[in-house]
Amino acid sequence: MPSHIRDGGLDWHRNGKPVREEGYSTDLIAEESVQLVKNHDTKKPLFLYVPFNAVHGPYQNVPSQELRDSYKDLRGSETRRTYAGMVTTLDTAVGRIVTALEEKGIKDNTLFFFSSDNGGPNPRQITSNGELRAGKGTLYEGGVRVPAFVTWQGKIKPGTVSNELIHIVDLYPTLLKIAGAPVEQKLPLDGVDQRAAFLEQKPSARTEILHNAEKDRGAIRVGDWKLVLTNLDKSAKGQPVKQELFDISKDPNEKTDLSSSQPDKLKELLERYQTYAKQAVPALSKPQPKDYKAPKVWGEFD
């Protein structure tokens, strides 16, 4: 049975206090969510944020022997079979929450949004990002482009597929607008209202995404164009910064670098990136020393 230990310490809390609770975390999170729905006063609005840690590492086998056996013939490593069981457990957990909402009589008036937070890790023995370049931890499409869905009975046409540019920060103003809540605040919002894209299948209100602006690397997408920068920290030592420019509409797998053939577009995105980079706040945490080794309890993969 999983111990809920991470990096040598208990990583399981309720309201900021450590809780020693037996069970598989995906099942425990689902049960907590179901109970919140059952006890909810339907005269009041409900916002339920459910951040499952599945299917993140460490990859620990699901408790159901029957489920483990169902993937015994899956080709690949044992870790991949474990991962498959974790995905199925997550799917079941989401289904439990939906069923709870249905039994409460509020499913049809509930907007569901589901998304991953990053692409699958490499190597591909565990999962796959298809033909997208690289994976988790990178700024290429395999690391930053993720599947997501939004559904709302009677409001969104089932089976609709959208390839519009959406960023996770857009959820905040979008949900506030749908709920009729004010979005005004002292500081400007990073997100944009995507009600038209969600509910009417209209073009996205977003035109660009800053993927990251770090000391050594960064990336930005403006329209169909994407700029990826690496070796930024080495430029002060006279070493060249690697600049890659891609037309994502034609080359979603980022195979053809157009930085040499599109100098004007490169300059445009570089200037836009620098605008954001100058606003970046220095990180408070310090990087781990080169000889740092994660505790064994963290598992084989990140």
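Please treat every number below as a calculation from the coordinates, not as lab data. Small disclaimer: the values here were computed from a predicted structure and weren't measured. Note: ideal-geometry Cβ built from the backbone for every residue, glycine included; neighbour counts use all protein chains shown.
Per-residue packing, averaged as other Cβ atoms within 10 Å, sorts the ranges 11-21, 94-104, 213-223 into the order 213-223, 94-104, 11-21, beginning with the highest.
Its Cα centre serving as origin, segment 76-173 has a Cβ charge dipole (Lys and Arg +1, Asp and Glu -1) of approximately 160 debye. In this entry, segment 51-200 is assigned a mean projected area of 11.6 nm², taken as a quarter of its C-alpha convex hull surface.
In the chain, the DSSP-assigned H stretches of four residues or longer account for a calculated mean residue ellipticity at 222 nm of -8000 deg cm²/dmol, using -39500 (n - 2.57) per stretch and the full residue count as denominator.
For the pair Glu21 and Trp152, label points projected 7 Å from Cα toward Cβ lie 3.0 nm apart. Among all the lysines, which ones have a C-alpha under 23 Å from Lys38's C-alpha, if same-chain residues fewer than 8 places away are not counted? In chain and number order, the partners are Lys104, Lys107.
For Arg6, the residues whose amide H sits under 5 Å from its own are Asp11, ignoring neighbours fewer than 5 places away on the same chain, with H placed 1.01 Å from N. The distance separating the Cα centre of segment 257-294 from that of segment 135-183 comes to 25 Å.
With the highest mean first, a sort of the peptides 195-206, 39-50 on other beta-carbon atoms found within 10 angstrom per residue produces 195-206, 39-50.
Equivalent-ellipsoid semi-axes for segment 207-283 (Cα gyration tensor, √(5λ), whole Å, largest first): 20, 15, 11. For segment 163-302, the alpha carbon convex hull comes to 203 Å³ per residue, rounded to a whole number.
Against the set (i) 18.7, 58; (ii) 22.9, 75; (iii) 21.8, 64, the structure's computed Rg and Dmax of the Cα atoms in Å falls on (iii). For Gly95, the shell of other residues with beta-carbons less than 14 Å away shows a net charge of -3, using +1 for Lys and Arg and -1 for Asp and Glu. Projecting the Cα atoms of Trp152, Ile209, Gln185 onto the charge dipole of segment 137-224, computed from C-beta unit charges around the Cα centre, puts Trp152 farthest toward the positive end. Taking a virtual spin label 7 Å from the Cα of Lys250 along the C-beta vector, which residues in segment 133-163 bring their backbone nitrogen under 20 Å of it? Counting backbone N atoms under 20 Å from the label point, the list is 133, 141.
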